[in-house]
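Asker: Take this structure, written in structure tokens, and hold onto it; I'll ask about it next.
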Amino acid sequence: MSKKKKKMHRPGKITTPLAGHKKVGKALVPPFMQLPGMSFSSWANDRLPDMLWACLVITVIPRKEAIEVFRDIAGIGLKYRQDDEPHQGAEPKQARGWTLRHADLPNQPRELFNALVARVLRCHAGLQALRPLLLLDSLPGLQWWKAALDTDPVDDDWQTLGQAVLKTFDHQSQEATDVRWLSVLFKIGLGELHVFEGLRERVQELIEYPYRGEMRSVRPSIRSMEMAVATLKPDQAPNLWPEAFWAYMLERTVCLPAPLKSRGRASHDPLALSKAINDVREALLEHWYSSLSTSGLNPKHDGAFGFGFYALACLAEMSMGPMSSAITGRLLLRSLTECRISLAYLVRNGTDEMWKKFRSYGAGQAKLALLKHEEMSGQKPQFVTLETLEALANEDYFQEYVEIDLGHWCGKDLRRLAEESGTKEDYDRYYGWASGFVHGQWGAMRDTNFTHCLNPLHRFHRIPLPFHRMLEPTIDDALHLVNRILDDVNAAYPGFEARLIVEDAPGDEEESTEAPAEPA
């Protein structure tokens, strides 16, 4: 019978599961990134600042009225419309490439600009909507705007500007979609956007938006068409305005750190946990003595119990103070995961020779560190002494008879060990994300030392915390791993029944989910 992977049902998810990614070398590539010629276009970074006047209009003026303003402004394009069919013998007309973007308006007829502003100012809140543009010293065509508005900005205009960016920052928001619809409709008015005969109903839906058609279908079409419209001028000079806008906002407005939310607290009584760890360690020590059969080298006995004692030591350190919720907790959880997988592999698949190899590999690593320590010039490492390394490297055999293996102790990576030992679920649960904290990857840095800025004029960028945040506690996961390690100690040397069962801390059900706000 062939084995088929069961598809997992992911309700409400529009993202691709792992099975939908394509493996290319060592990368897992999602479907969209497999498309040839894929390029990126950012609404928030590039096109929002270029349609800022429209973002202000849809924010300040009531939507129903603003939609009609947009419809009338798009209709201005009809005055400059290109003929769909050139006359007999005439040269085809070239598309003007005009837009309603800030960067393009000063390069187009002044009467188009004046008609745009005049239509907005006919609204009761029209001046209030456009006035914040006068705050922007490097706004393209600023003198045109000053002449048309004939006023000065006020302090409240900064708040209006922030609200406009906030409402339109998400490219799928209703307000952003309305602004993007304006760009498409203007192109239709100019006669520069052509569609297939079968899409005439879609064009009619765009013309009568938002009163015709099913909006769950119309809105995505607007957004996809607006992205296409944005690429209609591929040969134009680089547009410097969007980045100038964001740089000016960063210079002129302050960061607003997002408040910290509690990431959970320890669910176990620390005194009960400490007692449980000591009790299990005493039981493990007693079982070590009772199962001891020789005072000579016994790699399996020392190794199996070594994993158990080391796991309990990691758990004991993790349970000290706030360590469980700190970076340290994740480092220890990763160590426990590797111990869990390595011991399971040795117990299930290891021969006496494999246990010897595991032990000799450790002695070889001590020898390697020793030789490097001896050859170092200048400052020596302080976290280990020459005497310690020398004792470990020479404990079983004189170091001249100890090989140094520069690979893995059994020639396989940890993922393969997990697959062959039946511990792949624990590998998937803990190893990948915890390893990011060991290796200092960006995800770990971002999670512990940054928050985001609530100022929409800063694009909700990342800002450092005054002190790194505490994360979700690792104790529950560590207890699971340590108990599974103890299960395998028992599998290797039966008769060990002690496990870690710890009572919950009192009052957990009333735990608050909020913490004080971060300092500015």
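The values are calculated or read from the model by the stated rules, or taken from the named source; none is laboratory data. Computed from a predicted structure; not experimentally measured. All Cβ positions, glycine included, derive from the backbone under ideal geometry; neighbour counts span all protein chains shown.
Asker: Going by what's in this entry, would THR351 be described as surrounded by fewer than 18 Cβ atoms within 10 Å (Cβ to Cβ), assigned by TED's automatic domain parsing to the domain that holds SER274 and among the β-branched types (Val, Ile, Thr)?
Answerer: Taking the combined requirement at face value, the residue satisfies it.
Residue-by-condition table, conditions (1) within 42 Å of the chain's Cα centre (by Cα); (2) in the same structural domain as LEU297 (by TED's automatic domain parsing); (3) at pLDDT 85 or above:
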residue	(1), (2), (3)
LEU368	yes, yes, yes
ASN394	no, yes, yes
TYR397	no, yes, no
VAL402	no, yes, no
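Asker: Those residues that are in contact (Cβ under 8 Å) with a residue 12 or more places away in the chain and either of a type in the set (Gly, Ala, Ser) or not assigned by TED's automatic domain parsing to the domain that holds TYR80 (or both), I need them from the range 174-198; list them, please.
Answerer: The answer is ALA176, SER183, GLY189, GLY191.
Asker: Follow-up. Being under 24 Å from CYS339 (Cα atoms) and surrounded by fewer than 16 Cβ atoms within 10 Å (Cβ to Cβ) is the filter here, so list the residues in the range 363-395 that pass it.
Answerer: PHE383, VAL384, THR388, ALA391, GLU395
Asker: Could you give me the residue pairs with C-beta distances under 8 Å whose first residue belongs to the range 146-173 and is closer than 16 Å to PHE245 by Cα, whose second residue is at pLDDT 95 or above and among the acidic types (Asp, Glu) wherever it lies, and which are 6+ apart or on separate chains?
Answerer: If the second residue must be at pLDDT 95 or above and among the acidic types (Asp, Glu), the pairs left are THR168/GLU175.
Asker: Going by the structure shown, is ASP137 farther than 22 Å from PRO242 by Cα, among the acidic types (Asp, Glu) and either outside the structural domain of LEU457 (by TED's automatic domain parsing) or without any contact (Cβ under 8 Å) to a residue 24 or more places away in the chain (or both)?
Answerer: No.
Asker: Please enumerate the residues belonging to the range 414-452 that are of a type in the set (A, V, I, L, M), under 15 Å from ARG334 (Cα atoms) and surrounded by fewer than 18 Cβ atoms within 10 Å (Cβ to Cβ).
Answerer: LEU414, VAL438, listed by residue number.
Asker: Being under 18 Å from ASP488 (Cβ atoms) and out of contact with any Asp or Glu (no Cβ under 8 Å at 6 or more places or on another chain), is that true of even one residue in the range 315-324?
Answerer: Yes.
Asker: State whether the residues of the range 47-64 include one that is of a type in the set (Val, Ile, Thr), in a helix (DSSP H, G or I) and farther than 15 Å from GLN128 by Cα.
Answerer: no
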